[in-house]
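Worksheet for the structure shown next.
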């Protein structure tokens with residue numbers, strides 16, 4: 001099976017995709033990426049179902065065969081973390097053996113990889129592609145609010161889930177992820193002039209400060225629990241007692257039991273005010289469960305590693321604190337491997353890059369994994 005023959009076309013498609021802004025909240029851009037992908041999969045003879053969304057981009061469900069029951073689910077996403085206009089400022093570029101641009105590794109290179117893995121399978125006359133359903137979503141970067149149920153529905157009855165987040169910088173696959181949640185803490189106080197009548201004010205910023213200290217005390221890094229108030233807003237002017245303040249909270253846990261306990265503790269912290277006269281509102285919840293490396297994930301990993309060895313690749317696996325849709329499929333009891341995309345790094349930053357040689361390498365790996373899993377009884 002020859003994938004390298006497609007390298008020029010793969011890079012050309014990647015350039016098109018990277019140069020389209022597709023931030024999670026920019027529906028027009030995400031749908032443009034979806035249109036490009038739908039056209040390419042249609043050309044392969046695959047069926048593309050567009051699952052309409054009002055606020056976010058439309059999801060794509062792609063079926064590779066007719067009248068067959070798929071046993072493999074591939075999950076990928078079109079959205080990025082970058083704002084509209086980023087692609088114009090930092091368009092796709094190649095420097096040496098690396099490609100750069102917004103979303104190039106997370107995960108537009110993976111979208112190209114999926115397409116050309118199936119192109120190669122069809123070209124080689126393999127029928128195993130018929131065992132696969134592909135789900136390409138539009139809101140992964142913001143916690144998959146509209147695609148979570150879709151992913152869970154698609155995972156029912158599947159034996160394997162292949163999730164196309166990028167490989168780690170060293171090429172490692174991902175077999176464990178921490179669960180994560182997002183919360184927003186809104187504090188309402190009472191404005192007053194800080195010089196003329198400070199006694200009439202009730203500082204929302206002061207109240208938020210008390211809460212930040214208490215929330216950070218919930219951290220237990222040895223047990224894999226991390227809570228971070230990573231962004232705050234508040235105040236009208238330096239000489240005004242703040243009438244409103246907001247804290248944005250990121251939560252990571254290692255077990256489902258921790259998720260329940262931490263959420264309860266956050267609610268307890270925010271249940272009462274430390275600054276008399278202020279009011280607190282807490283919004284949010286745990287978004288993704290932890291992905292634990294159980295026996296069936298281990299067995300799937302061994303198959304993937306064997307395929308890798310046949311290609312001359314020594315595939316390692318690792319755990320990561322970042323979230324992905326792999327947590328949903330793993331929680332459904334489906335053997336799941338993540339990090340099957342190409343190799344790169346610095347995702348979500350201006351220095352995001354793809355290791356170009358890995359684009360064809362990991363595409364061939366994906367195609368061969370699909371062949372092997374299709375033969376599994």
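With respect to being closer than 30 Å to residue 195 by Cα and either assigned by TED's automatic domain parsing to the domain that holds residue 331 or not in a loop (DSSP other than H, G, I, E, B) (or both), residue 260 falls outside the description.
So which residues in segment 335-360 are surrounded by fewer than 21 Cβ atoms within 10 Å (Cβ to Cβ) and assigned to a helix (DSSP H, G or I)?
In the first step, residues of segment 335-360 are kept if they are surrounded by fewer than 21 Cβ atoms within 10 Å (Cβ to Cβ); the result is 345-351, 357.
Listed by number, the list holds a single entry, 357.
Can you pull out the residues in segment 194-218 that are surrounded by 14 or more Cβ atoms within 10 Å (Cβ to Cβ) and either free of Cβ contacts under 8 Å to residues at least 60 places away in the same chain or farther than 17 Å from residue 272 by Cα (or both)? Selection gives 194, 201, 205, 208, 209, 212, 214, 215, 218.
Among the residues of segment 266-306, write down those that are more than 30 Å from residue 202 (Cα to Cα), assigned to a loop (DSSP other than H, G, I, E, B) and more than 18 Å from the chain's Cα centre (by Cα). Give the derivation first.
Residues of segment 266-306 that are more than 30 Å from residue 202 (Cα to Cα), as a first pass: 286-306.
After this cut, where a residue has to be assigned to a loop (DSSP other than H, G, I, E, B) as well, the list is 289-290, 292-294.
Scanning segment 266-306 gives 293, 294.
Of all residues in segment 60-85, those satisfying the criterion of being surrounded by fewer than 19 Cβ atoms within 10 Å (Cβ to Cβ) and not in a loop (DSSP other than H, G, I, E, B) are 61, 63.
When residue 161 is tested against (1) within 16 Å of residue 336 (Cβ to Cβ); (2) in a loop (DSSP other than H, G, I, E, B), only condition (2) is not met. Taken as a whole, the structure places residue 167 among residues that are at pLDDT 95 or above and in the same structural domain as residue 305 (by TED's automatic domain parsing). Any residue that is in contact (Cβ under 8 Å) with a residue 60 or more places away in the chain and closer than 28 Å to residue 230 by Cα - is there at least one of those in segment 291-314? Yes, that holds for at least one residue.
The set of residues in segment 10-59 that are free of Cβ contacts under 8 Å to residues at least 12 places away in the same chain, more than 16 Å from residue 83 (Cα to Cα) and either touching a helix residue (DSSP H, G or I) at 6+ places or on another chain (Cβ under 6 Å) or in a helix (DSSP H, G or I) (or both) comprises 12, 35, 39, 42, 43.
Scanning segment 33-51 for residues being closer than 19 Å to residue 92 by Cα and surrounded by 18 or more Cβ atoms within 10 Å (Cβ to Cβ) gives a total of 3. Whenever a residue of segment 324-353 is without any contact (Cβ under 8 Å) to a residue 24 or more places away in the chain, it has no partner that is surrounded by fewer than 24 Cβ atoms within 10 Å (Cβ to Cβ) and part of a helix (DSSP H, G or I) lying with C-beta atoms less than 6 angstrom away and at least six residues away or across chains. Is it the case that residue 309 is over 16 Å from the mean Cα position of the chain (by Cα), part of a helix (DSSP H, G or I), over 25 Å from residue 122 (Cβ atoms) and assigned by TED's automatic domain parsing to the domain that holds residue 108? Criteria met by residue 309. Do we find a residue being at pLDDT 95 or above and within 30 Å of residue 337 (Cα to Cα) anywhere in segment 267-275? So far as segment 267-275 goes, no, none of its residues is at pLDDT 95 or above and within 30 Å of residue 337 (Cα to Cα). Within segment 263-286, if we keep just the residues that are closer than 15 Å to residue 227 by Cβ and touching a residue at least 60 places away in the same chain (Cβ under 8 Å), the residue that is surrounded by the fewest Cβ atoms within 10 Å (Cβ to Cβ) turns out to be 285.
The values are calculated or read from the model by the stated rules, or taken from the named source; none is laboratory data. This structure is a prediction, so every number in the text was calculated from the model and none was measured. Cβ: placed from backbone, ideal geometry, glycine included. Neighbour counts: every protein chain shown.
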